[in-house]
Amino acid sequence: MSDLMTATEVASLVAGAGGLGYAKVRAPRVYWSLVGLPLTWGRFSLTYRSTMEVCGLTVQPSGLRAFVTRNMARREVRPVPAKVRRVSPTSTGLRVSLRLPAGLEPADVAAVTERLRHAWGVRSVTVVEARPGVVELRMTGYDVLARVRMPRRRKQPAPMVVPVALREDGTTFYRDFQQVPHALTLGANQSGKSVYQRNLIAGLARLPVGLVGIDCKRGVEQARYAPRLSALATTPQTASELLDVLVGEMEERFDLLSAHGVSDLWELPASVRPVPLVVLIDEVAELFLVAARKDEERRDRMVQHLVRLAQMARGVGIYLEVCGQRFGSELGKGATMLRAQLTGRVVHRVNDLQTAEMGLKDIAPDALQAVTRIAPNRPGVAVAGDTSGGWSLIRTPEMSTHEAVAVCREFAHLTPELAFLKPFRP
């Protein structure tokens, strides 16, 4: 009987181990909640002080504290690490709030995240400054970008905020047009650049905004979204005419702001506020490259209009979303000036380091190595950076063309009727 019970127990243990092994591969969230989280929390609690000392994240205690420790507590005076204020488990990892002692700054912690990751056995560690003197360590227990599942809890709806992708730390990456009005998306063929655009267009389609498409590849990418587009240019000639109209609209909106004594579109009363416009430019190189000398004047005019829109149109609710494979000075006059105005950068897998530098070197040079390490079999993975110098690894959820088109058709009733764009209605 005892042998039978022993065999049953062994079989149960084997089945349990097999189930955990299956969950680790197929259901990483379940495995993390059952196994990974308790182990990581325990490892963190037991090794926190020694890990911080080894990583150089401690400071000498104050004179008073050293005196009390030495003479009253009768203990050895040891360097002081950051104080743990709160430990919060999540479905993807662990968040630890730290109060930094005098002498340490967030950059000191960010510089040793790789050491912390290995010490506590987690997938990644990201440092976020919560407020002066307080940082948050965001640990992820598994590769959340392997299969993207967008969090259910998201920000409250805002006028121009679209959830687009998932960050490496398990949080949502938002495209906030009021905070970052103009953006550039770069990536090689099959890098997931189109998937990013589909998610962005599907998100924008749900908002009360006007979408303006410029696709000089005869509209092969954007024509399918016609039910939700207020205008579409499919050739360099129509693109030039459309940009002329947009610059004229920008100037009229500035007159409206001046008449109401305000400096921003969102300060206007809702009754007179023009609808925001997002200009979606697919393969920007097609606007710069010309086949004959006679087309150079048109090209220069288009570039001039784009630069003007990038420099001034944010205040009147006109935003640029530029996409391409490369965007360097070799495209011609004005390319570098325009790129400098595109403050948001999303760079997918690229074919060479120079392309990565075009997108990130001027705003987040530390991210260049991360771009070059993106594997070809992981489309949709990209590095998102901004002018603050920060960057994060993101991945967009898979969305087919049919799904994006269906969203555009469902919300076609939100397409504003804009008289100045009627000649370019797709």
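The values are calculated or read from the model by the stated rules, or taken from the named source; none is laboratory data. Nothing here was measured: the structure is a model prediction, and the numbers come from that model. Neighbour counts are summed over all protein chains in view; Cβ atoms, including those assigned to glycine, are modelled from backbone coordinates with ideal geometry. To get the accessible areas, we keep the full protein, side chains included, count just its heavy atoms, and leave off ligands, DNA and RNA. Shrake-Rupley method; radii C 1.70, N 1.55, O 1.52, S 1.80 Å.
Would you work out the relative contact order for the chain, in percent, from Cα pairs under 8 angstrom that are 6 or more residues apart?
Once normalised by length, the contact order is 17 percent.
For helix 193-205, report the angle its Cα long axis makes with the longest principal axis of the Cα atoms of the chain; keep it between 0 and 90° and round to the nearest 10°.
The helix 193-205 is inclined about 80 degrees to the chain.
Take the solvent-accessible surface of the protein heavy atoms, probe 1.4 Å, and return the percent of it on the chain that carbon and sulfur atoms account for.
Looking at the chain in its full context, I get 52 percent from C and S.
Need the full-extension length gain, LYS422 to SER258, defined as separation in residues times 0.36 nm minus the C-alpha distance. One decimal, nm.
56.4 nm
Would you mind computing, in nm to one decimal, how far apart the modelled labels at GLN237 and GLU286 are, each placed 7 Å from Cα along Cα→Cβ?
1.6
Where does the charge balance sit around VAL347 when Lys and Arg score +1, Asp and Glu -1, over other residues with C-beta under 10 Å from its C-beta?
Residues close to VAL347 contribute a combined charge of +2.
Only Lys, Arg, Asp and Glu count, each charged at its Cβ (+1, +1, -1, -1), so figure out the dipole size of the chain about its Cα centre, rounded to 20 debye.
For this selection, approximately 1620 debye.
So, with +1 on the Cβ of K and R and -1 on the Cβ of D and E, and no other charges, what is the size of the charge dipole of region 179-245 about its Cα centre, to the nearest 20 debye?
320
Placing unit charges on C-beta atoms (Lys and Arg positive, Asp and Glu negative, everything else neutral), compute the dipole magnitude of region 275-356 about its Cα centre in debye, rounded to 20.
For this selection, approximately 220 debye.
Along the charge dipole of the chain, pointing to its positive end and built from +1/-1 on Cβ of Lys, Arg, Asp and Glu, which listed residue (LEU100, SER329, SER392) has its Cα farthest out?
Of LEU100, SER329, SER392, it is LEU100.
Per residue, what accessible area does the chain have, given a 1.4 Å probe and all protein chains present, in Å²?
50
Give me the net charge for the shell around ARG95: Cβ to Cβ below 12 angstrom, other residues only, Lys and Arg +1, Asp and Glu -1.
+1
Ranked from the most accessible area to the least, with a 1.4 Å probe and all protein chains present, what is the order of ARG373, ARG314?
Most to least solvent-accessible, the answer reads ARG373, ARG314.
As a check on your grasp of the helix formula, calculate [θ] at 222 nm for the chain: sum -39500 (n - 2.57) over DSSP H runs of n ≥ 4, divide by the residue count, round to the nearest 500.
Taken over the chain, the calculation gives -11500 deg cm²/dmol.
Taking the mean number of other Cβ atoms within 10 Å as a proxy for protection, how do you rank 271-282, 161-172 from highest to lowest?
161-172, 271-282
Would you mind counting up the charge near LEU257? Only other residues with Cβ under 14 Å from its Cβ, with Lys and Arg at +1 and Asp and Glu at -1.
Cβ neighbours under 14 Å give a net charge of -3.
Could you tell me which label, among [x] 35, 26, 19; [y] 40, 24, 18; [z] 48, 28, 21, carries the value of semi-axes √(5λ) of the Cα gyration tensor in Å calculated for this structure?
Computing semi-axes √(5λ) of the Cα gyration tensor in Å and matching it to [x] 35, 26, 19; [y] 40, 24, 18; [z] 48, 28, 21 gives [z].
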